[in-house]
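FYI, it's all coordinate maths here, none of it is from the lab. Every value quoted in this text rests on a predicted model; they were computed, and no experiment measured them. Virtual Cβ from ideal backbone geometry, glycine too; neighbours counted across all protein chains shown.
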Amino acid sequence: MEESEGSASGNHSSSGSPITNMAQDYLLTILLLLPIDAILSLSMTCKRFRSLTSSHTLWKSLCKRDLGSTCVEALINSSNYHHHQFPWMRLYRQVSLMDSVCCHKILSEPHADLDFPTARASHSLNFVSDCLVLFGGGCEGGRHLDDTRVAYIGNDFRRMLKWQTVHAGIPSGRFGHTCVEMGDYLVLFGGINDRGNRQNDTWLGQVVLNENKGISFSWKMLEVGNVAPPPRGAHGACCIDEKKMIIHGGIGLQGLRLGDTWVLELSDSPCHGTWHEIVLHPSPPPRSGHSLTCIGRSRTILFGGRGMGYEVLDDVWLLDSYQGYLKWVQIVYDLQSIPGGVSLPRVGHTATLVLGSRLLIYGGEDSCRHRKDDFWVLDISAIPYPCITRQHPTTVSSKKVSVTRMWKRWKSSGFEAKARSFHRACADQSGRYLYVFGGMVDAFLQPVQTSGLGFDGELFLVELVLQI
């Protein structure tokens, strides 16, 4: 048993309530089943519980329970503390109080400018095997790109990166595709090329780190049989349950916006996969340019996008499972009650799960194509998860939940990036550092141009501000 901040003694009185006479290990087991509010209330009842509820052992376990073991280990590795000295209670408190980010511009290493990715939008950017992997996208003139670039990050964020270009076995050029992390692999689906052709092929990518040869990366076509989703681009996708990928919506043939939901299941040896459509009612209306983010196991949050009538949406949907059945549930909230004075509806944004089980939403554009540079957090713990059955419910209202808890705008400092849309973002293993690259930005309008849009080539890091 580790020492506590206010060391919890194993000796206790034989009188009083039965719970006060329980062994300390049993009490810790019970505490780990309780929400934080209940634990804090218990700490005010007596000296023994105050000591027990301030122990390193308890708060280390609470951090792993609520923040995730992977995030916690990555935070320890990037800090100056040894495992037994780590301030677990302070970490938990700091994470719960987070309300700001600090941005840092990332440059290429000296003499490595030739491999730095060119300006683009609607590409993919992923963090896998301690590396950033960028693929494809669209650039000036409506042309697609077909390059794959890899940069090693390791356990800590870096202000300078060395990119490496992969030339062999890459998928054909495209933009508006999706690429999700699935363990040590990337799974890429769909997209649109510069001739307007929609794709529905599925690719598997893998980073290989070699001490002697450095980084290598390979793509291979995934065998999926005769069943696959219709061709599309600008759809949403995420990984659930470690070996499944969900896709929803997008722009299909003849520019039609789609509202279907498909699941890809990988085989044990990731050479084969099986697609199947899940037909659910109700389900999110057809849209494109929205976000789809896994928030734990099979639970997925869909937000925003552009609808059938070209309107920009602000609805939130939860995809969850009950006894093996997936079901869409709409989370209804009052948009007028959200503080901050900035419109929330958007398309072409990013929504990334970060430290503290929060969904960090950055950028995007509204119905007037005004691009944004704001950071919004959707607090997942404030969403009232329903008891899902095969029959109902279909809608959950957040009127019983404080809207200020569900949505909150975060402050930003440091590097001032341009407002952007259709950029890409991904978080490292700790969930504290977010990498953002590219997108559409406002540009100086030349006399021969009909719009003031430009493609951006900046890479910057968004750091969640913590004092640990």
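Modelled spin labels at Glu211 and Leu253, positioned 7 Å past Cα toward Cβ, are 5.4 nm from each other. For a modelled paramagnetic label at Arg369, 7 Å from Cα along Cα-to-Cβ, the residues of the stretch 295-322 in reach, with backbone nitrogen under 15 Å, are 310-312. Relative to a virtual label point 7 Å from the Cα of Ser79 in the Cα→beta-carbon direction, which members of the stretch 32-70 show backbone nitrogen distances below 15 Å? Correct set: 55-70.
Exceeding 31 Å between C-alpha atoms, which entries from my cross-link table qualify? They are Lys60/Lys105; Lys220/Lys418; Lys64/Lys408. Mind dumping the intermediate values first?
Working: Lys60/Lys105 33 Å; Lys220/Lys418 36 Å; Lys64/Lys408 24 Å.
Cα-Cα > 31 Å for Lys60/Lys105; Lys220/Lys418; rest within.
A simple spin-label model places pseudo-atoms 7 Å from Cα toward Cβ; at Thr70 and Arg297 they are separated by 1.6 nm. Label separation (Val332 vs Asp241): 3.0 nm, computed from points 7 Å beyond Cα along the C-beta direction.
Sort 190-196, 31-37 by packing, meaning the average of other beta carbons within 10 Å per residue, with the highest value first.
Values: 190-196: 19.0, 31-37: 12.0.
Sorting 190-196, 31-37 by mean packing, highest first, produces 190-196, 31-37.
Here the Karplus curve 6.51 cos²θ - 1.76 cosθ + 1.60, taken at θ = phi - 60°, turns the phi angles of the stretch 283-297 into couplings of 8, x, x, x, 6, 9, x, 8, 10, 9, 9, 6, 10, x, 6 Hz, with x standing for Gly and Pro. If the chain linking Ala443 and Glu416 were pulled fully straight, counting 0.36 nm for each residue of separation and taking away their Cα-Cα distance, it would gain 8.1 nm.
What length, rounded to one decimal in nm, is gained on full extension from Gln323 through to His276, with 0.36 nm per residue of separation minus their alpha-carbon distance? Present the calculation step by step, with values, prior to reporting the outcome.
Working: separation 47, 0.36 × 47 = 16.92 nm, distance 1.82 nm.
Separation in residues times 0.36 nm, less the Cα-Cα distance, equals 15.1 nm.
Taking amide H as placed 1.01 Å from N in the peptide plane, the amide H of Asp260 sits under 5 Å from that of Gly249, each at least 5 places away or on another chain.
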